[in-house]
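The block underneath contains the structure these notes are about, expressed in structure tokens.
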Amino acid sequence: MTIAPSTAPAVPTAESAPEPAVRLSSVTKTYAGPGTDRPPVLENIDLTVPPGGFTCVIGASGCGKSTLLTLIAGLDEPTFGRIDVAGGHAALMFQDAALFPWLTAGRNVELALRLRGVRRAERRAEAERLLALVRLDGARDQPVHQLSGGMRQRVALARALAQQSKVLLMDEPFAALDAITRDVLHDELIRVWQETGCAVVFVTHNVREAVRLGRQVVLLSSRPGRIAGRWEVEIPQPRRIEDAGVAELAGRITEHLREEISRHART
Amino acid sequence: MPVPDSEPGSIPGLLEAGLDALEARARRPSGAAATLRRSVLPPLLAVALVAALWQAAYVARLEPDWVLPGPAEVWQSLLGALRQGDVWPSIGQSVSRGLLGFVASVLIGTPLGLLVGTLRPLRVAVGPVLAGLQNLPSVAWVPPAVMFFGVTPAALYSVVLLGAIPSIALGLVSGLDQVPPLFLLVGRNLGARRLASVRHVLLPAALAGYVGGLRQGWAFAWRSLMAAEIIAVSPSLGHGLGRLLKQAQDAGDMGLAFCTIILILCVGILVNLLVFAPLERRVLRSRGLAGQDT
């Protein structure tokens, strides 16, 4: 598959019922050995992200949101349960852009292509196309330390897209950015998501951000991390973070999140 | 690929461009005159100050002439020696030995450092030994090397290798230790398996520490060579700078001794200035680590 925008609607049609982009079946992750009473980090997680879907995972600190992504990315194994990822591979982005500082912006993207086996002759053009996709056409030859935080995350997005995975995992990618830059990047992410048709799993502790972006919002409880609530977001894109609908749903979800967190004070 | 037009007048495009322009770091240009003033003048002043103190001690006659010659005298004997031409082969021989020994140390120290830095058991076993070796004055190796190899070039080179390899290996190890774990995670996610990960992530990320180790390795190689040349003297070993120093001692020629020391210093400084300083600066600057002025 290519990153070319899918001409078919991203929404699965009822008759063809395609394979989900990500499916977690009864996934449990525990770091404790047998016999200890440490609660599992994640317990019995069932989660399905359709192809081209956008699922936001929210929860308090330490609820295992990041663990969930490392499991989907295949960087760690679940203790129990099963994880299926379309194409067998998911691209991962972090709060820190983690660009390689010894390479220029363009070379960072090219490295991802190279490690995927793209031939040298095609790498340059493909990297340029991806940088244009995140609106960084002019930054190809810049060393990454000269880029702003927002630009770095856009390069990181281009690098993640270069992996041509059907699934993009994002671990609080905009948490370190200022509000205006974050707002711009929300628009950019939605645009890129609609163009590429990849499925996104987006972890954040910011409920409004989750409602602003996601089609589905999943609330994780802490210790053990269980799914404590799911919401479908029906508000059509483009949404704005200050939209009344976004604020209203975010308010309701926040109520649940607060309840989840206060549960820990009583125990 | 239908990338949408950036719609020049639209708010998002302009907003982004504005944010990028405000936040992106500008490069400050620096002129040649400024560089000269900032990095060439201070060391010259320091040298002049030392020479002035030396001259003062000489004029005050703290020690007799033949123990403490004046700077002018040493300068004269230096010029004389350079003009006569018999120090050039000494310089040539020592420098070529030093560089050859250094290159061999790099070839051995690099894989050693890579293995020690990445394999835990090896690190626990060999790490402390390397650190210990680095602390051992390499002159200590001269007697056993001479007993083992006789007074031969092999004895000299073995002392150089034992002096330089630990520094180079440990420099790489400390460089590897400073690689952010996130880089390795990203590398894995990008599909870099073992060797590809070493080549594309681990080594470039450790390069700054490695270059520091190379620089120190050269210093140790050069020192060790001089020590070995002073102690292990034989006609078969030719005429290195260390031999020249020994010769000055035997002849009681303090002027020659000083001028040889100056030559040894100059070689060390020149190699540093011509090879390692630019290399280090380039590595640091490409990573945005060096200050704008250095």
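The values are calculated or read from the model by the stated rules, or taken from the named source; none is laboratory data. The structure displayed is predicted, hence computed values, not measured ones. Counting neighbours? That spans all protein chains shown, and the Cβs are built from the backbone with ideal geometry, glycine included. The accessibility values were calculated without ligands, DNA or RNA, using every heavy atom of the protein model including side chains. Shrake-Rupley method; radii C 1.70, N 1.55, O 1.52, S 1.80 Å.
Provide the net charge surrounding B:Gly252, with neighbours chosen by a C-beta distance below 15 Å and charges set as Lys +1, Arg +1, Asp -1, Glu -1. Cβ neighbours under 15 Å give a net charge of -4. The residue among B:Gln76, B:Leu190, B:Asn272 whose Cα reaches farthest toward the positive pole of the charge dipole of the range B:67-286, with charges on the beta-carbon of Lys, Arg, Asp and Glu, is B:Leu190.
The helix-based estimate of mean residue ellipticity at 222 nm for chain B, built from -39,500 (n - 2.57) per DSSP H run of four or more residues and divided by its residue count, is -23500 deg cm²/dmol to the nearest 500. For the range A:185-267, the residue among A:Thr204, A:Leu220, A:Leu189 whose Cα projects farthest onto the positive side of the dipole built from Cβ charges is A:Leu220.
A simple charge model with +1 on the Cβ of Lys and Arg, -1 on the Cβ of Asp and Glu and nothing else charged puts the dipole of the protein assembly as shown at about 820 debye relative to its Cα centre.
Largest first, the residues B:Asp20, B:Asp65 sort by 1.4 Å accessible area into B:Asp65, B:Asp20.
Here the Karplus relation 6.51 cos²θ - 1.76 cosθ + 1.60, evaluated at θ = phi - 60°, turns the backbone of the range A:209-215 into coupling constants of 4, 4, 6, 4, 9, x, 8 Hz, with x for every Gly and Pro.
With one equal scatterer per alpha carbon and no solvent term, the Debye-computed log10 I(q)/I(0) for chain A at 0.11 1/Å reads -0.62. Count charges around B:Gly213 for me, please; just the other residues with Cβ under 15 Å from its Cβ, Lys/Arg as +1, Asp/Glu as -1. That sum, taken over residues with Cβ under 15 Å, equals -1. Take the Kirkwood radius over Cα pairs of the range A:127-203, plug it into Stokes-Einstein at 25 °C and 0.890 mPa s, and you get 192 µm²/s for translational diffusion. Label positions at B:Ala46 and B:Leu115, each projected 7 Å from the Cα along the C-beta direction, are separated by 3.9 nm.
Compute the label zone of B:Arg194 within the range B:112-138: residues whose backbone N is under 16 Å from the point 7 Å along Cα-to-Cβ. Those under the cut-off are B:114-122.
The string of couplings for the range B:133-140 from the Karplus curve (6.51, -1.76, 1.60, θ = phi - 60°) is 4, 5, 7, 6, x, 6, 4, 4 Hz, one whole number per residue in order, with x for Gly and Pro.
Please work out, to two decimal places, the log10 of the ratio I(q)/I(0) at q = 0.16 Å⁻¹ from a Debye calculation in which every Cα of the range A:98-164 carries one identical scatterer. The computed values of log10 I(q)/I(0) come out as -0.41.
Start at zero, step by 10 Å, and the Cα-Cα distances of chain B spread as 6, 19, 23, 23, 15, 8, 4, 2, 0 percent across the bins. If I take every Cα pair under 8 Å that is 6 or more residues apart in chain B, average their sequence separation and divide by the length, what percent do I get for the relative contact order? After rounding, I find 21 percent. Distance between the modelled labels on B:Ser39 and A:Ser25, one decimal in nanometres: 6.3 nm (7 Å Cα→Cβ projection). In the range A:69-111, which residues give up 30 Å² or more of accessible area once the other protein chains are added, compared with their chain alone (1.4 Å probe)? Checking the loss per residue gives A:Leu75, A:Phe94, A:Ala98, A:Phe100, A:Pro101, A:Trp102, A:Leu111. The heavy atoms of A:His145 present about 40 square angstrom of accessible area, all protein chains included, probe 1.4 Å. Neighbouring Cβ atoms from other chains, within 10 Å of the Cβ of residues in B:186-199, number 5 on average. Summary of the geometry: the range B:203-223 and the range A:207-246, compared by the centres of their Cα atoms, lie 51 Å apart. Accessible area buried by the pairing of B and A, both sides summed with a 1.4 Å probe, works out to roughly 3300 Å². Gyration tensor analysis over the Cα atoms of the range A:15-130 returns equivalent ellipsoid semi-axes of 32, 19, 13 Å (largest first, whole Å).
Counting only protein heavy atoms and a 1.4 Å probe, the range A:190-246 has 39 square angstrom of accessible area per residue.
A straight chain from A:His145 to A:Arg38 at 0.36 nm per residue would run longer than the Cα-Cα distance by 34.4 nm. Measuring nothing but how far apart in sequence close Cα pairs (under 8 Å, 6+ apart) lie, relative to its length, chain A scores a relative contact order of 26 percent.
When +1 charges are put on Lys and Arg Cβ atoms and -1 charges on Asp and Glu Cβ atoms, the dipole computed for chain B relative to its Cα centre reaches about 620 debye. Computed from phi, the 3J(HN,Hα) profile of the range B:34-43 under the Karplus parametrisation 6.51, -1.76, 1.60 (θ = phi - 60°) reads 5, 4, 4, 5, 7, 10, 9, 4, x, x Hz, with x in place of Gly and Pro. So for the protein assembly as shown, what percent of the C-alpha to C-alpha distances run longer than 37 Å? That fraction is 50 percent.
When DSSP beta bridges are limited to those with both residues in the protein assembly as shown, what percentage is antiparallel, rounded to the nearest 5? Here the share of antiparallel DSSP bridges comes out near 45 percent. Sites counted here are trypsin sites (Lys or Arg not before Pro) in a DSSP loop (not H, G, I, E or B) having no more than 11 other Cβ atoms within 10 Å; the longest part of chain B that contains none of them is B:62-192. For B:Gln55, neighbours were defined as the other residues whose beta-carbon sits under 14 Å from its Cβ, and their charges (Lys and Arg +1, Asp and Glu -1) total -2. Using the Cβ-Cβ distance between A:Gln194 and B:Val275 with R0 = 60 Å, the FRET efficiency computed as 1/(1 + (r/R0)^6) comes to roughly 0.70. Shape analysis of the range A:173-251 places it in the rounded category; the axes a ≥ b ≥ c from the Cα gyration tensor give an a/c below 1.5.
What is the distance in Å between the Cα centres of the range A:146-191 and the range B:56-83? Each part reduced to its Cα centre gives a spacing of 68 Å. In a reduced charge model with +1 at each Lys and Arg Cβ and -1 at each Asp and Glu Cβ, the range A:102-260 shows a dipole moment near 760 debye about its Cα centre.
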